[in-house]
1. Hey, how many Å between the Cα centroid of the stretch B:41-57 and the Cα centroid of the stretch A:132-157?
2. Taking beta carbons within 10 Å but only from partner chains, what does the mean come to for residues A:209-217?
3. Using only alpha carbon pairs under 8 Å that are at least six residues apart, calculate the relative contact order of the stretch A:134-229 and give it in whole percent.
4. Which residues of the stretch B:318-343 show a drop of at least 30 Å² in accessible area when all protein chains are present, compared with their chain alone (probe radius 1.4 Å, heavy atoms only, ligands and nucleic acids excluded)?
5. For the ranges B:182-189, B:118-125, A:95-102, B:232-239, what's the packing order if you count other beta-carbon atoms within 10 Å of each residue, average per peptide, and put the highest first?
6. Looking at A:Ser31, B:Leu35, A:Thr361, which one has the Cα that reaches farthest to the positive end of the dipole of the protein assembly as shown (charges on Cβ: Lys, Arg +1; Asp, Glu -1)?
7. Per residue, how much accessible surface does the protein assembly as shown expose to a 1.4 Å probe? Answer in Å², no decimals.
8. Explain nothing, just the number: dipole magnitude of chain B about its Cα centre with +1 on each Lys and Arg Cβ and -1 on each Asp and Glu Cβ, in debye rounded to the nearest 20.
Amino acid sequence: MKAKTFRGGIHPPHYKEKTADKPIILCPIPSKIYLPMGQHIGQPARCLVKEGDRVKARQKIGEAESFISSPVHASVSGVVERVGPYPHFTGRMTEMVSILPDYVQEELQGCRADMSVAPSPDEIRQEVREAGIVGMGGAAFPTSVKLNPPPDMTIDSVIINGCECEPFLTADHRLMLEQTDVLVDGLRLIMHCVGARNGYIGIEDNKPDAILKVEAELLKEVPEWAVTMQIRVCPLKTKYPQGGEKQLIHALLGRDVPVRRLPSVVGALVQNVGTAIAISEAVRIKKPLVDRVVTVTGPAIRDPQNLRVKLGTTVSWLIKVCHGLSEPSAKDIMGGPMTGFVLENLDVPVVKGTSGIVSLTGDLVEARLRHRLTCIKCGKCVDACPMFLMPSLIGRFSEKRRYQDAEEAGAMDCIECGSCVYTCPSRIPLVQLIREAKGAILSMKRS
Amino acid sequence: MEKGERREQLVPSTPAHIYSPVDAAVAMNDVLISLLPALLAATIFFGLNAIYLSMICISVAMMTEVVIRRLLNRPFSLWDRSAVVTGLLLAFTLPPTTPWWLAALGAFVAIAVAKELFGGIGRNIFNPALFGRIFIFVVPSWKVLLENYVRPMWWRDFGFFSIITSRLKEEGVTIMTLAGQYMDGLTGATPLAIRRMGAAAAVQNIRHLDLFWGNIRGSLGETSALALLIGAAYLFYRGHINWRIPGSIIGTVAVVSLLWGQDPIFHVLAGGLILGAFFMATDWVTSPVSAKGQIIYGVAIGLFIMLVRRFGLKTEGVALAILHMNPLALFIDRYTLPRPFGG
């Protein structure tokens, strides 16, 4: 089958070879963990515990109090040391619960996953909501909201995003190989929940082993409740940002999501691999979202790994588990190198949306500072933009504070994928300029 | 903690955090590489003159950039190699017998006026090389020095290492070697000029194949379509140019010449069309970036070229067409914004 794709985009080096073949290993629990009440898009959870409380692993410690929000669960058993502001990966101080683990971990054990039956759609939504599941690809949007589309929209297609188009990251790749059955059950549960007939698992063609593994899984015995579902594995061209929601829907379904609208408008629902697995685990074994797979990698990391990490573990602990740094790191990123956050402080916790930790060395970072120029209008950003915008033009307007013009040029449609920044020979920080314009446009609208 | 192992000075920044290895200097290097086949062809057809004039233009362009930027308190910028590209492109547009001082003046004007006075690389409105070329062409007393096109392979009779130039004498322009030896009967009109003079029969004698190899009278770098196309293929391969501008220029020229009942292959291969379409009109700074805009720009240049060739000057049609469209590039972009995905 010919690999499908979208128009635009870039071909950065994959940098995945260091961890692609490394099985997921359990990350040891550190001596202290920090659980932020806000790990998702929407209102932060309300803290349910106080200093000195003993908490069990998987116990709910934060309650979601509005529709767009998500509860938080203790990832380890132990004693609450403090409830207060700690540094978040964004650089801000936010409310977190710090727990001193007692390493007892009296979790709910022995629940056998029975995939032969499916609960009702409402039960699935309830379980997903209670388990605190959010989009694990990075955006951290509460999944229960996505499973609750407006009543006038019918979702006919559910897409599992197995692209993992960010360089360096291999967490989803490993999950597709190691928890294939859980992934497929997760997809079926989502389809059952929203009443969709068609399921797609989109995987970039640089992961042929994952494509084969998932295909083989689909050929196994299908449970009674899922026999009418049509699920296909779709190889996609390896191109960034193939995993962008709108780009993925275009490539797989040939439908274009209108600007500033949600995928449900075209009858599509996209979930990340990790999220689908978490959904299955929440429904089948009542496991809330308390851990996730994080790829710890980059040229500065001595022993890059795919780690199954308890949420709240600090980045510095992950780096220590990976044998520390082999050379000085010039930039430590939470997430992938195209869209991730630069960490100023390594003592910030892994959260639900943390897909990777990437430590870059100076040679990769300084390229930006060297050879900086004014825009030479080469148009490479225009050709790369997967939203068909003119990043150079929006950037120029933003620099001159002509925010009205920037809005007309489509600043608000930018998905901040970073393709323009990657490709710019003048090394102009276009995403930064466009973000500034977006902020200014929003505040203009508010006032 | 591992903090000690991190650098003192971290680089805080917004994404993306990795960059394509192709920065401006790498891109300009690629342009220089793409011009090498044409430089080789020029050396074969016009002898050492090609190297001689190229070196003059490049070194004056570089020196001008250093001095002007120092005077204007701008940072040193030769690393981006755009001055070298401008110098070489200017040399390519010059007749092989151009006097050294006129070539140097062209290079000076290209960098000092067209590039730096407009604000430096990225801010220039006109293609610097073409601006320099037309500047030295519009002064009537110098113009005559730029109208003597030596015949290809002339050096076979005089030795590869002889360099010829033209000088203003009382009786007119004289072609002579640098050493002072007079040479008569070497120069003549280019194929396009012959056509304009109405000598249709003479044009019939010009073979398409000679136009393609470059075995014709013309400016240094413009004659060999083959060498230029090899270079252009490299630029395509490296992703620096796309088909839209060159394709629409060449397509328009071909269609218009067919409509006028003229030989389209002749019009495409003659004069500076291939050089202009692939290397001048595609100049990043002075051409539109939107897909639709690039096609509009190319078609307009193609029409302009054909109008000049039919009703205007004997030569310089391509240069004039591109220079006239340059300032419109930004406007074209503003009115051809692509429709956003899903918009």
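1. Cα centres, the stretch B:41-57 to the stretch A:132-157: 67 Å.
2. Details: counts 0, 0, 0, 0, 0, 0, 0, 0, 0.
Mean partner-chain Cβ count within 10 Å for A:209-217: 0.
3. Details: 95 pairs, mean separation 30.5, N = 96.
It comes to 32 percent, rounded to a whole number.
4. The answer is B:Leu330, B:Arg334, B:Leu337, B:Pro338, B:Pro340, B:Phe341, B:Gly342.
5. On the way: B:182-189: 13.6, B:118-125: 18.6, A:95-102: 20.9, B:232-239: 16.5.
Result, highest mean first: A:95-102, B:118-125, B:232-239, B:182-189.
6. Checking the options against the dipole of the protein assembly as shown, the answer is B:Leu35.
7. Values: 31350 Å² over 790 residues.
Counting only protein heavy atoms, the per-residue value for the protein assembly as shown is 40 Å².
8. Numbers: 27 positive and 19 negative charges, 103 e Å.
Approximately 500 debye in magnitude.
The values are calculated or read from the model by the stated rules, or taken from the named source; none is laboratory data. Here the structure is a predicted model, which is why all the values come from computation and not from measurement. Positions of Cβ are generated from backbone atoms using ideal geometry, with glycine treated the same way; all protein chains shown enter the neighbour counts. Just so you know, the surface numbers come from the protein's heavy atoms only, side chains and all, with ligands and any DNA or RNA stripped out. Shrake-Rupley method; radii C 1.70, N 1.55, O 1.52, S 1.80 Å.
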